[in-house]
1. Hey, any hits in segment 164-184 for a residue that's of a type in the set (Lys, Arg), surrounded by fewer than 20 Cβ atoms within 10 Å (Cβ to Cβ), in contact with a Phe, Trp or Tyr (Cβ under 9 Å, 6 or more places away or on another chain) and under 16 Å from Cys73 (Cβ atoms)?
2. Within the group Ala181, Ala147, which residue is small (Gly, Ala, Ser), free of Cβ contacts under 8 Å to residues at least 40 places away in the same chain and touching a helix residue (DSSP H, G or I) at 6+ places or on another chain (Cβ under 8 Å)?
3. When segment 173-194 is examined, which residues are found to be closer than 17 Å to Ile95 by Cα and modelled with pLDDT of 90 or more?
4. Anything in segment 78-101 that is within 19 Å of Asn175 (Cα to Cα) and either in contact with a strand residue (DSSP E or B) (Cβ under 6 Å, 6 or more places away or on another chain) or in a helix (DSSP H, G or I) (or both)? List them, or say none.
5. Could you check segment 50-98 and list, in sequence order, the residues that are closer than 18 Å to Gly200 by Cβ, aliphatic (A, V, I, L, M) and under 14 Å from the mean Cα position of the chain (by Cα)?
6. Kindly indicate the residue of segment 47-68 that is open to solvent by less than 10 Å² (accessible area, probe 1.4 Å) and of a type outside the set (Val, Ile, Thr) and also farthest from Arg144 (Cα to Cα) among those meeting that condition.
7. Being touching a strand residue (DSSP E or B) at 6+ places or on another chain (Cβ under 6 Å), closer than 24 Å to Met79 by Cα and not hydroxyl-bearing (Ser, Thr, Tyr): is that true of Gly199 here?
8. Report, by residue number, each residue of segment 137-163 that is closer than 16 Å to Glu99 by Cβ and either among the aromatic types (Phe, Trp, Tyr) or open to solvent by 50 Å² or more (accessible area, probe 1.4 Å) (or both).
Amino acid sequence: MKSSATLLTLAAALTMAACGPASADNSMAATAAQNSPLVAQVGFNDLLRDPATPFLGAENADITIIGFMDYNCPYCKKMIPELEGLMRDDPKVRILYKEWPIFGALSDSIARIALAAGYHGKYHAIHTAFMATPGRIQSEQEARRLAQAAGIDMAQLDRDLTTHRAAIDAVILRNRREAAALALNGTPAFVINGNLIPGGMSQQQLQAVIFRIRSGMPLR
């Protein structure tokens, strides 16, 4: 069981805005988090094990980036080109997306639509459409319009939302519990091969972190 002292230590290290980039301040928080035992206690392999977590990139990757994101977080949207550029340049990277809707009921509904689309092979299409939308998605109706424009079969989507409701509920609940166990305070947040990085990063910063991980160097 995780000690309250460990949880409080990491929570103090992660005092950051609910949605924001990696500033000088939260880069210091990231360093503190990377050296905390909490990721190991939660279990990086446990974070990887969920077969319902959608991923992009190589099956045989040596670097796995787990991203906790919300479709209505502007900094999450800014991270998508950085992550896509990273995968284009590095064929040994894969990204697992943890749907973590933290901006209320609408974010929750949007995340459910994305997960339901995965049941008929359209998660990445809808993920791309939602993340490419400038600003916030203002309503569930707008999310459905975006889904339809991305080529989603809306009748099938509605069937999957109903048929797989319990499974989708379970995925979102697991993601929330994992975020709480990691003491995450906002989106985006990333776990890279077991190293916790709260906040956004540029492709160049991601590449620097990955270089150090592959080289066996500490991230300080």
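The values are calculated or read from the model by the stated rules, or taken from the named source; none is laboratory data. Predicted model, so just to flag it, every value in this text is computed and none were measured. Using ideal geometry, Cβ is built from the backbone for each residue, glycine included, and neighbour counts are taken over all protein chains shown. The accessibility values were calculated without ligands, DNA or RNA, using every heavy atom of the protein model including side chains. Shrake-Rupley method; radii C 1.70, N 1.55, O 1.52, S 1.80 Å.
1. Within segment 164-184, one or more residues are of a type in the set (Lys, Arg), surrounded by fewer than 20 Cβ atoms within 10 Å (Cβ to Cβ), in contact with a Phe, Trp or Tyr (Cβ under 9 Å, 6 or more places away or on another chain) and under 16 Å from Cys73 (Cβ atoms).
2. One residue alone meets the criteria, Ala147.
3. Asn175, Glu178, Ala179, Thr187, Pro188, Ala189, Phe190, Val191, Ile192, Asn193
4. Arg94, Ile95, Leu96, Tyr97, Lys98, Trp100
5. Leu56, Ile65, Ile66, Met69, Met79, Ile80, Leu83, Ile95, Leu96
6. My answer is Leu47.
7. yes
8. Hit for segment 137-163 is Glu140, nothing else.
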